[in-house]
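Everything below concerns the one structure shown next.
The values are calculated or read from the model by the stated rules, or taken from the named source; none is laboratory data. Just so it is clear, the structure is predicted and the values come from calculations on it, not from any experiment. For neighbour counting, all protein chains shown are included, and Cβ atoms are generated from backbone atoms with ideal geometry for every residue, glycine included. Note: accessible area is taken over every heavy atom of the protein model, side chains too, but ligands, DNA and RNA are not part of it. Shrake-Rupley method; radii C 1.70, N 1.55, O 1.52, S 1.80 Å.
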Amino acid sequence: MSSETAVVEYKQADAAVEENEQKYEDVKNFNEYTKVTRKSLELWITYFQNQLGVLNFLAEKSDEEKEDFLFDMLDKNEDGRISAAELATHFRANNAGMDFYQALDKAITYAAMYDADSDATLDREEFKNFLARVTSEAESTFHDMCEYILMNVIFSANRNTAEEDAQAEKNADLISDDVKKKGRLYDALSDQRMMSLFAMFDQDGNGDIDFKEVANGIFKMKDIFAKSTQQVVHLMIMYDRDGNRTLDYDEFAWLILGICAIGEAEFGDVADALIEAVSSNNGLDDFNQEVSND
């Protein structure tokens, strides 16, 4: 039995059971009830036989074959890559109670983490790296984890509605943009220059950067900011999510990426210029005053 045949037969049995269960609402007499009940039992037997057939099929496959099968199951449009919306199917199926938006948000995060070529999707190698991370987090073996995920993707009742799938397709470009945006953040977080910048800005070494510490490096970048000092101040406030007028490492990274957007500059160029600026100790009273007065 092929992988397609095993899953198709199971899904057909699943649909038949669901259709027959709805007929109970239309039963008008005992005779009809008996017939519907008999049919229901027959369909449930077929359903479980086909479910067992899928499990037997999986048990015979190598880890590599299971990995390829799972990839193909998630790659709904068969383009050879898994989008964040397609990856969300995995998260929702494997987390009872997780809704469409929660699954999509988590999928965007993980797609961004493992999207090495920055195209907002996962190819087979990137997907393999994602599975390795999931396996490690669960303290499981790849064999067991891959089979567990497959079972849930195939059997779970927690799946998208047709309306949710249509919504994901309609917003495909926006979802891809979110993946790329988060991908840039993760790249920046792991960039040694970002780490060096944070350490240089954190003048008191307490692991957080207050607004004036940020000012001590940024204001000198007049070639990038030219007339946009106030925009930078607003960015600082926006990324200070807990409102304590300090930035942790993640918030600082978002700020630097926002600064890049303001100046339409690449992170590497901004990072190099900031490191040079912070290395000098010229006063920045004007910018500090703007921060204090905002």
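Which condition breaks for M194 when tested against (1) open to solvent by 60 Å² or more (accessible area, probe 1.4 Å); (2) at pLDDT 85 or above?
Unmet for M194, out of (1) open to solvent by 60 Å² or more (accessible area, probe 1.4 Å); (2) at pLDDT 85 or above: (1).
Hey, can you tell me all the residues within the stretch 166-180 that are free of Cβ contacts under 8 Å to residues at least 12 places away in the same chain and not polar (S, T, N, Q)?
A166, K170, D173, L174 - these are the residues of the stretch 166-180 that are free of Cβ contacts under 8 Å to residues at least 12 places away in the same chain and not polar (S, T, N, Q).
Filtering the stretch 117-129 down to residues that are out of contact with any Ser or Thr (no Cβ under 6 Å at 6 or more places or on another chain) and touching a residue at least 24 places away in the same chain (Cβ under 8 Å), which residue is nearest to S176 (Cα to Cα)?
D119
Among the residues of the stretch 132-163, which ones are among the basic types (K, R) and modelled with pLDDT of 85 or more?
R133
Pull out all pairs, ordered by first then second residue, where Cβ-Cβ is under 6 Å, the residues are six or more apart or on different chains, the first lies in the stretch 193-204 and is of a type in the set (A, V, I, L, M), and the second is modelled with pLDDT under 80.
L197/L274; M200/V278
Looking at the stretch 157-167 only, could you name the residues that are crowded, with 18+ Cβ neighbours inside 10 Å and either in a helix (DSSP H, G or I) or among the aliphatic types (A, V, I, L, M) (or both)?
Correct list: E164 only.
Restricting to the stretch 255-291, name every residue that is in contact with a Gly (Cβ under 6 Å, 6 or more places away or on another chain) and either at pLDDT 70 or above or β-branched (V, I, T) (or both).
Matches in the stretch 255-291: L274, V278.
Looking at the stretch 241-261, I want the residues that are within 10 Å of D208 (Cβ to Cβ) and of a type outside the set (S, T, Y) and have a partner that is at pLDDT 80 or above and open to solvent by less than 10 Å² (accessible area, probe 1.4 Å) with Cβ atoms under 7 Å, at least 6 apart or on another chain. Which pairs are those?
As it stands, the answer is L247/I209; L247/L255; F252/I209, since those pairs meet every condition given.
Specify the residue that is surrounded by the fewest Cβ atoms within 10 Å (Cβ to Cβ); the eligible residues are those in the stretch 51-77 that are under 20 Å from the mean Cα position of the chain (by Cα) and in a loop (DSSP other than H, G, I, E, B).
If we take residues in the stretch 51-77 being under 20 Å from the mean Cα position of the chain (by Cα) and in a loop (DSSP other than H, G, I, E, B), then N77 is surrounded by the fewest Cβ atoms within 10 Å (Cβ to Cβ).
Quick one: how many residues across the stretch 119-131 are open to solvent by 70 Å² or more (accessible area, probe 1.4 Å) and either modelled with pLDDT under 90 or closer than 20 Å to L185 by Cα (or both)?
1
Report yes if A226 is modelled with pLDDT under 70, small (G, A, S) and open to solvent by 60 Å² or more (accessible area, probe 1.4 Å), otherwise no.
Answer is yes for this residue.
Being part of a loop (DSSP other than H, G, I, E, B) and under 21 Å from the mean Cα position of the chain (by Cα) is the filter here; which residues of the stretch 141-156 pass it?
S156 - this is the single residue of the stretch 141-156 that is part of a loop (DSSP other than H, G, I, E, B) and under 21 Å from the mean Cα position of the chain (by Cα).
Sort through K170, K182 and tell me the only one that's open to solvent by less than 70 Å² (accessible area, probe 1.4 Å) and of a type in the set (K, R).
Checking each option against the conditions leaves just K182.
Does the stretch 21-28 contain any residue that is open to solvent by less than 30 Å² (accessible area, probe 1.4 Å) and at pLDDT below 85?
No; the residues of the stretch 21-28 include none that is open to solvent by less than 30 Å² (accessible area, probe 1.4 Å) and at pLDDT below 85.
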